[in-house]
Amino acid sequence: MTALLEVRNLKTYFNTQDGVVKAVDGVSYDVNRGETIALVGESGCGKTVSALSILRLVAEPAGKIESGEILFEGTDLLKLSGDEMRKMRGAKISIIFQEPLTSLNPVLTIGRQISEGLEFHKNMSLKEGMQEATRLLKLVGIPHPERRIYDYPHQFSGGMRQRAMIAIAIACQPQLIIADEPTTVVDVTIQAQLLELIRNITKELNTALILITHNLGIVARYARRVFVMYAGNIIEHGNALDVYRYPCHPYTAGLLTSVPRLDEPRKTRLLPIDGQPPDLIAPPIGCSFQARCAYSMPQCQREKPPLLEVAPNHYAACWVSQKEQRPWQKKSS
Amino acid sequence: MAKEVVIEVNNLTKYFPVTRGLFRQKKIADIKAVDGVSFAIHDGETLGLVGESGCGKTTLGKCMLQLYRATSGEVFFEGKDLCQLSDRELQPLRQRLQVIFQDPYDSLNPRFTARDIIGEPLIIHNIARGKEYRERVAELLNLVGLAPYMADRYPHEFSGGQRQRLGVARALALQPRFIMCDEPLSALDVSIQAQIVNLLADLQEKFGVAYLFISHDLSVVRHISDRVAVMYLGKIAEISNRDEIYKNPLHPYTQALLSAVPIPDPEVEMKRQIIVLQGEVPSPMSPPSGCVFHPRCYRAFADCSNVTPLLEDVGDGHHVACLLYEQSRP
Ligand SMILES: Nc1ncnc2c1ncn2[C@@H]1O[C@H](COP(=O)(O)OP(=O)(O)O)[C@@H](O)[C@H]1O
Ligand SMILES: Nc1ncnc2c1ncn2[C@@H]1O[C@H](COP(=O)(O)OP(=O)(O)O)[C@@H](O)[C@H]1O
Ligand code: SF4
Ligand code: SF4
Ligand SMILES: [Mg+2]
Ligand SMILES: [Mg+2]
């Protein structure tokens, strides 16, 4: 079976006053139909830029997709004309952003914003579009949708706006939804509401989902496969079960030990990862994690580790992981 | 281990008036941001404060520090009711009452160097000058894990985690006894959060400072707190010592909050059923009747919309405000 989306060796760079920011520097991943994958990593590691690249929404002229392929149903999105790309966005691939207030249009009613895509992609009239908008708002759990379609974004609470964003994203029944930190600015209670909603809807419509988050709990609950990003690269990926149980990159292992867990006895001390991610303008030669890595060896400073299969369907970009046993893994019982 | 109470809050309320009309402003309602809250924090202790946004956590903390003046109630610190003191009388006490905010970037003056930021309280309170001043700043930088040569940098030259360290250093400058930490980790990445959590714990160990630790992250709160209070719509829903409240949460709101936190383990999450709380926090301008939580409570029964539950001790200092557990109602 071929994947719905295949990102191959994507490089997206930004030209800035200080130099070239290699925001996404050779990233590959794939998403199957109806599947949920997670992209996880700390801020600045390139999650959003990699998502925007798929939709070709990277801010030009500073930002530029340098190379790579983004195959969607076999077609390379990077080769499409502007018009062809517009027909994709919202219709076949849509995106939900972290802060709906900045991505919704403040001077258009919620109903119009949902209807717009339906008018453009599905040739609906305004009346049909508004009817469909009412149905969609109801579907995403907004009370009194027949009245609320006439509201403006500021009249919605944060949680409600995010529901409206979900309604916009699913309006044309796309094959792929990208959710970029959809719950980072809301409370855990609302987070649970929204994520359960997204899960139910994508399941029902058989929509594939790229869930971008920095929250390891969210990944564990909602994604089957996970891709861990660090400094513009994917440094580990595999089935979530394997990656969490046997992390094959010290960074992933470090993330997992930094967070306290409610289901385990309380630790007296957290084990953070020391230091901070490297500057993407002048990343180090060799492994980008070396400065923070407790297992770094001379080779790590000379050569960048490739992403290789270190266990069945489990990939990691780490010299130690590829050669030896992994001292950071919990001793298997 | 009978430790001394550092700060005590008695029946504290803070109402924000809502007015209408341009010229003759008429009060039409009150936002009951904090509505009758009482607790005490002991020396060297951390009280975790959780609850959804809008529940009154920040307002409560600000009232304790007299950054807001309470509508009614008392805040005892070093034997004095701070609410009764004038700004001038408060001034000398402020040294020992400090605050660390959520976004270090918003709370640090961009035109100040790190030295100015950390040292400002030393100048204001006339603590140190000249060489002693520079040494004290270097010492504080060291204490929070920053290098003394960074003293001449501006906030934008620091990463988010480093800026929060600056915030911590500033709060520590005057050797406080109490620090209100208002979501100090929210803007930070997990690996950096852990660094700051450890730093706060070390400093508490070293100086015996007490914290009010406001956070929406219940896992971090469990890690850092000795006791935990859960707040909903201006009131304390439940308060107890840490192990008790996490092992045996009684209030349906606490249960729902805990259930909503996903565990970073796919094996656990694949099987776990969660309580998804419906709706959102209602406006504190017109809070629901009876138990303020009743419209969202999955265990509500008939009485809940009429009767206001009292915060009662159900044993060993575990207090909960829920009719399911009330025994002593006359
Ligand atoms: N418009 C831009 N101009 C310059 N640099 C950018 C721009 N957008 C993003 N970057 C840089 O690209 C890197 C990756 O950013 P981003 O994808 O937003 O990270 P994430 O979503 O993982 O937090 C960061 O170092 C960021 O500073
Ligand atoms: N300065 C203010 N004026 C009017 N209302 C306020 C003010 N500060 C907070 N509120 C209101 O008080 C309630 C509690 O807010 P806050 O203490 O910030 O909650 P939390 O910190 O738990 O999110 C909210 O409804 C908020 O809108
Ligand atoms: S390649 Fe070396 S420096 Fe990089 S993660 Fe592996 S051991 Fe650490
Ligand atoms: S008093 Fe009633 S509504 Fe309130 S928390 Fe208890 S059961 Fe729920
Ligand atoms: Mg992002
Ligand atoms: Mg607050």
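The values are calculated or read from the model by the stated rules, or taken from the named source; none is laboratory data. Fair warning: this is a prediction, and the values are worked out from it, not measured in the lab. Positions of Cβ are generated from backbone atoms using ideal geometry, with glycine treated the same way; all protein chains shown enter the neighbour counts. Only protein heavy atoms, including side chains, enter the accessible area calculation; ligands, DNA and RNA are left aside. Shrake-Rupley method; radii C 1.70, N 1.55, O 1.52, S 1.80 Å.
Before moving on, here are some points about what is shown:
- Of the criteria (1) in contact with a helix residue (DSSP H, G or I) (Cβ under 9 Å, 6 or more places away or on another chain); (2) open to solvent by less than 30 Å² (accessible area, probe 1.4 Å); (3) within 12 Å of chain B (Cβ to nearest Cβ); (4) assigned to a helix (DSSP H, G or I), which one A:LEU241 fails: (2)
- Among the residues of the stretch A:176-231, the ones that are of a type in the set (Asp, Glu) and over 13 Å from the mean Cα position of the chain (by Cα) come to 3 in all.
- Considering the stretch A:279-322, and only residues there that are within 14 Å of chain B (Cβ to nearest Cβ) and open to solvent by less than 40 Å² (accessible area, probe 1.4 Å), the residue that is farthest from ligand 3 (Cβ to nearest atom) turns out to be A:LEU280.
- Restricting the stretch A:18-45 to residues that are more than 16 Å from ligand 3 (Cβ to nearest atom) and within 14 Å of chain B (Cβ to nearest Cβ), the residue that is most open to solvent (accessible area, probe 1.4 Å) is A:ASP18.
- Listed conditions (1) touching an Asp or Glu at 6+ places or on another chain (Cβ under 6 Å); (2) modelled with pLDDT under 95 are all met by B:ALA40, apart from (2).
- For B:LYS206, the conditions (1) open to solvent by 10 Å² or more (accessible area, probe 1.4 Å); (2) in contact (Cβ under 8 Å) with a residue 12 or more places away in the chain are fulfilled apart from (2).
- Test: residue in the stretch B:128-137 that is on the phi < 0 side of the Ramachandran plot, in a helix (DSSP H, G or I), of a type in the set (Gly, Ala, Ser) and crowded, with 16+ Cβ neighbours inside 10 Å: no
- Of the set (1) under 22 Å from B:VAL276 (Cα atoms); (2) among the basic types (Lys, Arg); (3) more than 10 Å from chain B (Cβ to nearest Cβ); (4) within 15 Å of the chain's Cα centre (by Cα), all apply to A:ARG161 but (4).
- Residue match in the stretch A:264-278 (condition: in contact with an Asp or Glu (Cβ under 8 Å, 6 or more places away or on another chain), open to solvent by less than 30 Å² (accessible area, probe 1.4 Å) and farther than 30 Å from B:ILE245 by Cβ): no
- Qualifying residue in the stretch A:282-297 (condition: of a type in the set (Phe, Trp, Tyr), away from ligand 1 (no atom under 16 Å from the Cβ) and more than 23 Å from the chain's Cα centre (by Cα)): yes
- Top-ranked residue in the stretch B:66-91 [being among the hydrophobic types (A, V, I, L, M, F, W, C) and open to solvent by 10 Å² or more (accessible area, probe 1.4 Å); ranked as farthest from ligand 4 (Cβ to nearest atom)]: B:LEU85
- Total residues in the stretch B:216-231 satisfying the condition of being within 11 Å of chain A (Cβ to nearest Cβ) and either open to solvent by 20 Å² or more (accessible area, probe 1.4 Å) or in contact with a helix residue (DSSP H, G or I) (Cβ under 7 Å, 6 or more places away or on another chain) (or both): the figure is 8.
- Within the stretch B:33-75, restricting attention to residues that are in contact with a helix residue (DSSP H, G or I) (Cβ under 8 Å, 6 or more places away or on another chain) and away from ligand 6 (no atom under 16 Å from the Cβ), the residue that is farthest from the other protein chains (Cβ to nearest Cβ) is B:GLU74.
- Pick from the stretch A:186-228, criterion part of a loop (DSSP other than H, G, I, E, B) and under 23 Å from A:GLY90 (Cα atoms), ranking: nearest to the other protein chains (Cβ to nearest Cβ): A:ALA223
- Whichever residue in the stretch B:235-253 is in contact with a helix residue (DSSP H, G or I) (Cβ under 7 Å, 6 or more places away or on another chain) and within 23 Å of B:ALA33 (Cβ to Cβ) and, among such residues, is farthest from the other protein chains (Cβ to nearest Cβ): B:GLU238
- Looking across the stretch B:1-32, the residues that are away from ligand 2 (no atom under 13 Å from the Cβ) and either within 14 Å of chain A (Cβ to nearest Cβ) or over 21 Å from the mean Cα position of the chain (by Cα) (or both) come down to B:MET1, B:ALA2, B:ARG20, B:GLY21, B:LEU22, B:PHE23, B:ARG24, B:GLN25, B:LYS26, B:ILE28.
- Subset tally (residues that are crowded, with 16+ Cβ neighbours inside 10 Å and assigned to a helix (DSSP H, G or I)) for the stretch B:149-174: 16
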